[in-house]
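Colleague: Please read through the structure below; I'll follow up with questions.
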Amino acid sequence: MQTNFLVIGSGIAGLTYALKVAQDCPDKDVIVLTKTQSDETNTKYAQGGIAGVMDLDKDSFDKHIEDTLIAGDGLCNRHTVEIVVKEGVERIKEIIAWGAQFDKEPDGDFKLGKEGGHSEFRILHHKDVTGKEMERALLSALAKQKNIQLVSHCFVLDIITQHHLGYLVTKSTPDIQCYGVYVLNLNSNKIEKIIAGKTLVATGGNGQVYRTTTNPAIATGDGVAMVYRAKGRIENMEFIQFHPTALYEAGVRGHSFLITEAVRGDGGILRNTKGEAFMKRYDERKDLAPRDIVARAIDNEMKINGTEHVYLDCRHFSKEKFTEHFPNIYDKCLSIGIDITNDMIPVAPAAHYSCGGIKTDEWGRTSIKNLYAAGECASTGLHGANRLASNSLLEAMVFAHRAYKDAVTNQNSNTSLGDGANFPDWKSAGTNAPKEMILVTQSLKELKLLMSDYVGIVRNNERLHRAMKRLDLLYEETEALYEKTAVSPQLCELRNMITVAYLIVKSAEFRHESRGLHFNTDYPGKSTLVQNIVM
Ligand code: FAD
Ligand code: SIN
């Protein structure tokens, strides 16, 4: 197969880019690949909303910029922050034009929410299911676009570079080029190669590396791992954001239900198991301090009191007010016997967002030619050491737009390389169907456990060292299995997650300070050397 524009991922970043390219270049083909159903994305689960300065009389770009910089704890790229905050408003207007609906006041103004670290009410939302609404609008706009082919159940295995033509490619090779991808097409169970002029990686986050996460099962960091294997640059992987308030359900691991920060924005209060509203002891902004501070405070309270959760108290809300803004949360809580008007909600932190990722420039270009990255898998410089709530949907749209602009301006078809026949087919000789899945599932359990226990909210050198030793073993065993086994999504995801975990631990080891989301008790202060960790 050959295409002008290839997109890996059907979340907000991939779909926004695909729509724009297809509308601008009606005579060109766009292929969008997604590894499960087309709407199964982190995007679909976004609750709180999208931050945007929609009314310059009540808010200002400067305030949003300042809030983002404060949350990022000295590591944001100010130029990127300005781009996202200022261009974001146009992108929000575009998705509204594509059909997304955000809640409004009776007078027609947007109903704006507030979340941790924001100095103003500036979060547009669609009740507590904002991402689902945005994904719906994008998918329905995309369905009308004849030159886009959206193919679900296609698992991208690797990015094709000159390495596949037999050239030596290392991190210091100056002109690494992307020519397309190898894909395991689960519809035909065949491995295909797709040659592409321009490729966008929009594969989302990696929360599944941890035992408890707000991310769905697709969030296994495949894009970051692929680009790292292709010798592209990866940045700031140590900054994993733990959301302070995932619903705690005894025995439930993997994908945890989120209780949006907007609940605290509307007045929800965190209490420990003794009933104390503890946040005032940690930060003057109390329950609406930035996420890293709230998550660490909860972690500390749980450790002091020997509990697995704290509580979010919403008993003072009227049922009408709560259900109007948070109908999905109300129903979910009720389904497990929690009536939020009488009962406090048990909550605990869970892995939520990867602030680092594939390093890009201000046009979404990666260090590999003809390869772009946008959305959660990218590191654009916006988030620094900690992402401000509701800035990621915004960033994804802004950088999808910028990548689209650059890709259509500098089109190339890679035709000089022929029709793909020059590239070898995927090598599967010598591999056999897996004999037993236990080898994969057990390694996955070990991986999640070691990352949660040793590389969580609070880290130290000993824990990181232990994590790396165990990762080495998992890596060795999994590579040996990979060499002799026919590829499957489960095996490839495990392999990708081990790579991502390695990048998180290695970057954490390199950072000899505590900053933003990275807190190491052996280096409790900040270093005077303010730097990104690039691998
Ligand atoms: P995703 O939406 O995750 O899409 C990734 C796509 O890549 C999927 O289609 C997947 O199938 C595909 N893919 C991955 N690997 C492969 C592969 N190997 N082959 C083929 N396809 C592949 N942010 C906000 O700004 N506001 C919020 O209110 C908010 N709430 C959130 C609530 C929850 C519960 C979660 C989990 C996140 C929330 N976030 C929020 C973060 C935000 O939703 C995500 O960062 C954003 O949606 C990511 O979009 P994306 O397009 O980068 O990736
Ligand atoms: C939330 O709704 O609390 C999540 C918002 C975000 O992750 O940006």
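The values are calculated or read from the model by the stated rules, or taken from the named source; none is laboratory data. No experiment lies behind these values; they were computed from the predicted model shown. No Cβ is skipped: glycine too gets one built from the backbone with ideal geometry, and neighbour counts run over all protein chains shown.
Colleague: For D453, only one of the following conditions fails: (1) at pLDDT below 95; (2) more than 30 Å from L75 (Cα to Cα). What is its number?
Modeller: Of everything listed in (1) at pLDDT below 95; (2) more than 30 Å from L75 (Cα to Cα), D453 misses just condition (2).
Colleague: Oh, and also: Can you name the residue in segment 212-266 that is in contact with a Lys or Arg (Cβ under 9 Å, 6 or more places away or on another chain) and among the acidic types (D, E) and, of all such residues, is farthest from T34 (Cα to Cα)?
Modeller: So, considering only residues that are in contact with a Lys or Arg (Cβ under 9 Å, 6 or more places away or on another chain) and among the acidic types (D, E), the one farthest from T34 (Cα to Cα) is D266.
Colleague: Suppose we keep only residues that are assigned to a strand (DSSP E or B) and over 17 Å from L388 (Cα atoms) within segment 258-279. Which one would you say is farthest from ligand 2 (Cβ to nearest atom)?
Modeller: The selected residue is R271.
Colleague: Being within 15 Å of ligand 1 (Cβ to nearest atom) and basic (K, R) is the filter here, so list the residues in segment 193-251 that pass it.
Modeller: The answer is K193, R229.
Colleague: Hey, another quick one. For segment 1-48, what are the residues that are β-branched (V, I, T) and part of a helix (DSSP H, G or I)?
Modeller: I12, T16, V21, T43
Colleague: Just give me the residues in segment 49-62 being within 16 Å of ligand 1 (Cβ to nearest atom) and either surrounded by fewer than 24 Cβ atoms within 10 Å (Cβ to Cβ) or not in a loop (DSSP other than H, G, I, E, B) (or both), in sequence order.
Modeller: Within segment 49-62, I50, A51, V53, M54 qualify.
Colleague: Do we find a residue being within 16 Å of ligand 2 (Cβ to nearest atom), surrounded by 24 or more Cβ atoms within 10 Å (Cβ to Cβ) and not basic (K, R) anywhere in segment 218-229?
Modeller: Checked segment 218-229: at least one residue is within 16 Å of ligand 2 (Cβ to nearest atom), surrounded by 24 or more Cβ atoms within 10 Å (Cβ to Cβ) and not basic (K, R).
Colleague: Let me ask something else about it. Condition first: under 30 Å from Q177 (Cβ atoms), in contact with a strand residue (DSSP E or B) (Cβ under 9 Å, 6 or more places away or on another chain), away from ligand 1 (no atom under 16 Å from the Cβ) and of a type outside the set (F, W, Y). Can you find one or more residues in segment 261-269 that meet it?
Modeller: No - not one qualifying residue is present in segment 261-269.
Colleague: So, one more: Out of all the residues in segment 336-380, which are charged (D, E, K, R), surrounded by fewer than 19 Cβ atoms within 10 Å (Cβ to Cβ) and either touching a Phe, Trp or Tyr at 6+ places or on another chain (Cβ under 8 Å) or more than 18 Å from H79 (Cβ to Cβ) (or both)?
Modeller: Within segment 336-380, D339, D343, K369 meet the criteria.
Colleague: Which of the numbered conditions does A71 fail, given that it passes all the others? Conditions: (1) surrounded by 24 or more Cβ atoms within 10 Å (Cβ to Cβ); (2) over 22 Å from the mean Cα position of the chain (by Cα); (3) not hydroxyl-bearing (S, T, Y).
Modeller: It is condition (2) that A71 fails.
Colleague: Scan segment 338-377 for residues that are without any contact (Cβ under 8 Å) to a residue 60 or more places away in the chain and over 17 Å from D313 (Cβ atoms) and jot them down.
Modeller: Within segment 338-377, T360, D361, W363, R365 qualify.
Colleague: So, in segment 453-498, of the ones that are buried (at least 20 other Cβ atoms within 10 Å of the Cβ) and polar (S, T, N, Q), which residue ends up farthest from K303 (Cα to Cα)?
Modeller: Looking at the filtered set, the residue picked out is T478.
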